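Written below as structure tokens is the structure these notes are about.
The values are calculated or read from the model by the stated rules, or taken from the named source; none is laboratory data. It should be emphasised that the depicted structure is a prediction, and the values quoted were computed from it without experimental measurement. In this analysis, Cβ positions are derived from the backbone assuming ideal geometry, glycine residues included, and neighbour counts consider all displayed protein chains. Keep in mind that these areas ignore ligands, DNA and RNA; they rest on the heavy atoms of the full protein, side chains included. Shrake-Rupley method; radii C 1.70, N 1.55, O 1.52, S 1.80 Å.
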Amino acid sequence: AEACTTLAVGRKASADGSVFLSHSNDAEGGADARLCFVPAKDHAAGSKRPIYWDREDYPRYVVRGRSSCYEPKPGQTLDEPIGYIPEVAHTFQYYEATYGLMNEHGVSMGETTCSGVFGTAAVGHGGLALVSIDSLSRIALERTKTAREAVKLMGSLAETYGFYGVGSFEGSAESLMVGDPQEVFIFHILPDPAGTGAIWTAQRVPDEHVAVVSNMFVIREIDFEDTHNFLYSDSVKTVAEAKGWWKQGQPLDFTKTYSDGEYAQKFYSGRRMWGAFQKFGVTNFPDNYTDLRVTPVYPVTAKPASPVQLRDLFSIHRYYYEGTKHDMTKGVAAGPWGDPDRFATTSNIVKGGWERSISIYRTSTTSVVQARSGGQGSVLWFAPHTPAASCFIPLSAASQSVPAPYGIADPNSLSRNSAYWAHRYVFNVAKIKYSYAMQDVRAAQAKFEEEGEALVARLDASSEAGRLDEEYAKHAQRVVDEFWALPDHIVSKYADGWADDKTPLSYPDWWLQAVGYQNGPPPPPPKNPGSAGATSPCDDASVQRCVSACPASGFARCAAACAGGCAEAAAPAPALVV
């Protein structure tokens with residue numbers, strides 16, 4: 001998907017001993033934001049598993065017998081497979097969105113598209129490759145019980161059947177965080193030069209460390225002798241040697257060799273790496289550099305300043321660099337109400353670019369997996385639409401359904417039954433007075449995410465899938481109901497530039513100066529020509545002093561009196577108009 005950010009936290013770096021990994025699916029407006037449950041299945045000997053071309057936009061694909069998500073709706077046409085691979089006897093249950101997210105064993109994924117020096121297309125779409133990162137992530141969740149197994153399986157399938165990138169503007173390479181309750185890997189993959197195989201490597205994140213990948217490879221020198229911490233295809237060496245990029249006995253820097261660097265603009269990937277490490281408390285890295293591909297400005301992994309809490313990952317995915325020199329809530333571009341989002345911009349006259357924040361308006365879904373062995377097992381925390389205005393809800397690896405509102409997410413058809421649309425609606429309504437309205441949004445997020453954590457703790461004593469489904473569905477519905485009520489509350493509270501207690505929410509002084517308010521129309525001339533230079537009791541400053549002295553009770557009548565009767569006295573007399 002376009003421009004995603006992924007995080008990983010080793011189990012000894014987390015506050016509760018879980019492995020954390022996350023993914024924000026920062027797509028464009030047409031992405032399929034549905035959360036889907038794929039049940040476990042038994043398959044007859046000799047069965048074939050169909051592979052579909054992944055368009056990623058809504059609907060992801062339309063097929064029968066895979067998940068209730070994908071059953072054809074009126075007017076939809078069934079998708080045809082582009083190929084098949086041999087099926088296994090039993091496949092595990094799991095959750096998926098654009099990519100596989102988490103299976104019943106806690107094997108989990110988080111994806112970010114990367115640039116690569118090679119690219120190709122799918123079978124039936126101008127190429128010979130069969131599998132993409134979308135299908136690889138799902139097959140791995142269907143068939144593996146550990147992250148290490150998942151990495152090896154995905155690499156093997158890609159080498160055998162050919163790997164292709166879905167073809168977004170970033171390039172045709174991919175990266176996954178792949179974790180389980182014990183360990184987590186960074187997995188990089190791109191097509192081989194022939195377009196019929198793959199080049200891939202994976203590096204284990206040390207248990208005490210965290211990692212960040214944001215649309216660019218990060219794995220540097222591969223230790224080919226250390227098979228515990230590094231996994232790789234033979235093609236990593238053979239292709240580099242054949243191209244003259246590497247010689248036996250020399251270090252091989254995977255990113256320098258196979259990445260095509262940052263795309264869109266400089267700092268597109270690096271700023272997010274810097275920002276995420278800042279939030280992890282790792283503050284000794286520069287925010288400026290020359291070429292991120294050539295120079296390893298940031299480490300592959302780092303030790304956080306303190307144990308990482310679950311909600312720290314929520315916070316990172318909501319980060320606009322607040323409090324730093326890159327703070328996107330500041331400056332003229334943010335407007336008077338500190339709006340950090342910069343919508344898609346096209347101009348044939350003005351050349352430039354916007355800072356790329358971690359949180360962004362075009363996110364379709366964000367997921368955080370809490371991979372752990374105790375209680376009900378691993379937990380998926382899922383938030384549709386941009387995390388800044390969404391709320392993370394929990395679902396157990398032992399659950400067997402998706403709360404109904406989270407399976408409805410047609411981006412082209414607003415639905416009051418949809419969680420995705422509830423959060424999208426809140427986000428857009430909050431723009432009317434962003435810095436004020438977001439206080440109400442954050443209060444709702446904190447309330448329900450705290451309740452979600454308490455619910456997980458309470459249900460850890462239960463392993464009955466039916467009860468888990470019921471309890472998590474009730475919590476999810478409460479979140480959806482609250483967020484559908486929130487836009488009306490925001491409009492009622494902040495409409496027309498006033499707070500609901502009738503306090504005027506004036507523009508900030510810095511913004512008034514920036515837009516030239518001081519150069520606006522001057523006060524009218526004095527009423528008495530002989531009193532040149534005197535301040536009229538009816539000038540703007542006098543009226544403003546009068547209005548500002550009005551009490552909250554009876555404010556409207558007082559303000560009207562200030563404007564209509566100010567000529568009678570220079571000083572306001574609010575007590576006479578209560």
- Task: Have a look at His228, Tyr258, Ile360 and report the one farthest towards the positive end of the charge dipole of the stretch 222-379, computed about the Cα centre with Cβ charges (Lys/Arg +1, Asp/Glu -1).
- Result: Ile360
- Task: Can you tell me the order of 313-321, 391-399 when each peptide is scored by its average per-residue count of other Cβ atoms within 10 angstrom, highest first?
- Result: 391-399, 313-321
- Mind listing the phi-derived Karplus ³J(HN,Hα) values for the stretch 112-121, rounded to whole Hz, using 6.51, -1.76 and 1.60 with θ = phi - 60°, and x for any glycine or proline? 8, 6, 10, 7, x, 7, 10, x, 7, 10
- Query: To the nearest Å, what is the center-to-center distance of the stretch 350-401 and the stretch 1-52, using C-alpha atoms only?
  - Reply: 10
- Under a Cβ-Cβ cut-off of 11 Å, what is the net charge of the residues other than Phe217 that fall near it, where Lys and Arg count +1 and Asp and Glu count -1? -1
- Sequence ranges 190-199, 258-267, 361-370, ranked by mean other-Cβ count within 10 angstrom, highest first: 361-370, 190-199, 258-267
- Message: Can you tell me the length gained on complete extension of the stretch Glu482 to Leu414, counting 0.36 nm per residue apart and subtracting the Cα distance?
- Response: 22.8 nm
- Message: How big is the dipole moment of the chain about its Cα centre under a simple scheme where the beta carbon of each Lys and Arg is +1, that of each Asp and Glu is -1, and everything else is neutral? Debye, nearest 20, please.
- Response: 620
- Item | Portion, in percent, of the accessible area of the chain that falls on carbon or sulfur, probe 1.4 Å | 52
- All lysines inside 20 Å of Lys256 as judged from Cα atoms, apart from same-chain residues fewer than 8 positions distant: Lys237, Lys243, Lys247, Lys266
- Note on the structure: Dividing the alpha-carbon radius of gyration of the chain by 2.2 N^0.38 Å, where N counts its residues, gives 1.12
- If amide H atoms are modeled at 1.01 Å from N in the peptide plane, then the residues at a separation of 5 or more from Thr386, or on another chain, having amide H under 5 Å from its own are Thr363
- Item | 20 Å Cα-Cα reach of Lys330 towards lysines, excluding residues that sit fewer than 8 places from it in its own chain | Lys279, Lys431, Lys433
- Message: Could you report the chain's accessible area per residue, 1.4 Å probe, as an integer in Å²?
- Response: 42
- So what's the angle, to the nearest 10 degrees on a 0 to 90 scale, between helix 270-279 and the longest Cα principal axis of the chain? 80
- Item | Under the Karplus curve 6.51 cos²θ - 1.76 cosθ + 1.60, θ = phi - 60°, whole-Hz ³J(HN,Hα) for the stretch 350-359, x wherever Gly or Pro sits | 9, 9, x, x, 9, 4, 9, 8, 6, 6
- Got a sec to turn the phi values of the stretch 242-251 into Karplus ³J(HN,Hα) couplings, 6.51 cos²θ - 1.76 cosθ + 1.60 with θ = phi - 60°, whole Hz, x for Gly and Pro? 5, 7, x, 8, 7, 10, 3, x, 8, x
- Just how large is the dipole of the stretch 165-226 about the Cα centre, in debye to the nearest 20, putting +1 at every Lys and Arg Cβ and -1 at every Asp and Glu Cβ? 300
- Taking amide H positions as placed 1.01 Å from N in the peptide plane, with prolines and chain starts having none, which residues 5 or more places from Thr120, or on another chain, fall under 5 Å of its amide H? Gly165
- Note on the structure: Violations at 28 Å Cα threshold for listed pairs Lys502/Lys527; Lys325/Lys351; Lys303/Lys447 -> Lys502/Lys527; Lys303/Lys447
- One finds the C-alpha centres of the stretch 141-213 and the stretch 451-487 to be spaced, in Å, by 32
